[in-house]
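Peer 1: Handing you a structure now.
The values are calculated or read from the model by the stated rules, or taken from the named source; none is laboratory data. This one's a predicted model, so the numbers in the text were calculated from it and none came from an experiment. We place every Cβ from the backbone using ideal geometry, glycine too, and count neighbours over all the protein chains shown.
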Amino acid sequence: MNTVYIREMYPDDIPEIVSIEKLSFSTPWSETSFRSEIYSRYSVTRVAELNGVIVGYICVKHVADECHLLDLAVHPDYRRRGIARALLDNVIQELRIEGCRFFYLEVRSSNYAARKLYEKFGFNMVGIRKGYYVNPAEDAVIMMMEL
């Protein structure tokens, strides 16, 4: 059966996560960055498993009534199967329960697939961060969703 299972992120998951991170981003997070999020009391970290293999992950920082999407990726071989949607949905449900009111994120201006996904969840563009990304240099679109 090909059901995606969403669960907590654990330190033992980090090697698989870093592998996906390196395939997904030109300036990938380090193992230390993921470990820091796993142990942060303000972070919500999840992985998506398919047939026992980690195929995606999400890291969100939640402080007071605001949260910020820090990192979300799906292995290239498993994209366009609803995995990012499942990760976001799982985290949003928890954030609502925890009293989060505003959910923010930045996304590369050229990442139309991600922007479309976020818009389907109800995120709206609220600004631009000029030159936010490097390698290659690019602006970030700031998006926000009211929960």
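Peer 1: Can you report the number of residues in region 60-79 which are over 12 Å from the mean Cα position of the chain (by Cα), of a type outside the set (Asp, Glu) and over 15 Å from Gly99 (Cβ atoms)?
Peer 2: The qualifying residues number 4.
Peer 1: Let me ask something else about it. Would you point out the residue of region 101-113, among those that are buried (at least 17 other Cβ atoms within 10 Å of the Cβ) and among the hydrophobic types (A, V, I, L, M, F, W, C), that is farthest from Thr27 (Cα to Cα)?
Peer 2: Among them, the one singled out is Phe103.
Peer 1: State which residue is modelled with the lowest pLDDT when the search covers only region 118-142 and only residues that are part of a loop (DSSP other than H, G, I, E, B) and exposed (fewer than 11 other Cβ atoms within 10 Å of the Cβ).
Peer 2: By that ranking, first place goes to Asn135.
Peer 1: For region 74-95, give me each residue that is out of contact with any Leu (no Cβ under 7 Å at 6 or more places or on another chain), within 17 Å of Ile20 (Cα to Cα) and surrounded by fewer than 15 Cβ atoms within 10 Å (Cβ to Cβ).
Peer 2: If the condition is that a residue be out of contact with any Leu (no Cβ under 7 Å at 6 or more places or on another chain), within 17 Å of Ile20 (Cα to Cα) and surrounded by fewer than 15 Cβ atoms within 10 Å (Cβ to Cβ), then Asp77, Arg80, Gly82 are the ones that fit.
Peer 1: Criterion first (farther than 22 Å from Lys22 by Cα and exposed (fewer than 13 other Cβ atoms within 10 Å of the Cβ)) does Glu98 satisfy it?
Peer 2: It is true that Glu98 is farther than 22 Å from Lys22 by Cα and exposed (fewer than 13 other Cβ atoms within 10 Å of the Cβ).
Peer 1: Go through (1) modelled with pLDDT under 95; (2) touching a Cys at 6+ places or on another chain (Cβ under 8 Å) one by one and return the number of the condition Cys67 breaks.
Peer 2: It is condition (1) that Cys67 fails.
Peer 1: Now a separate question. Where in region 1-117 are the strands (runs of 3 or more DSSP E), entirely inside, with at least 3 residues that are aliphatic (A, V, I, L, M)?
Peer 2: Output list reads 43-50, 53-63, 66-74.
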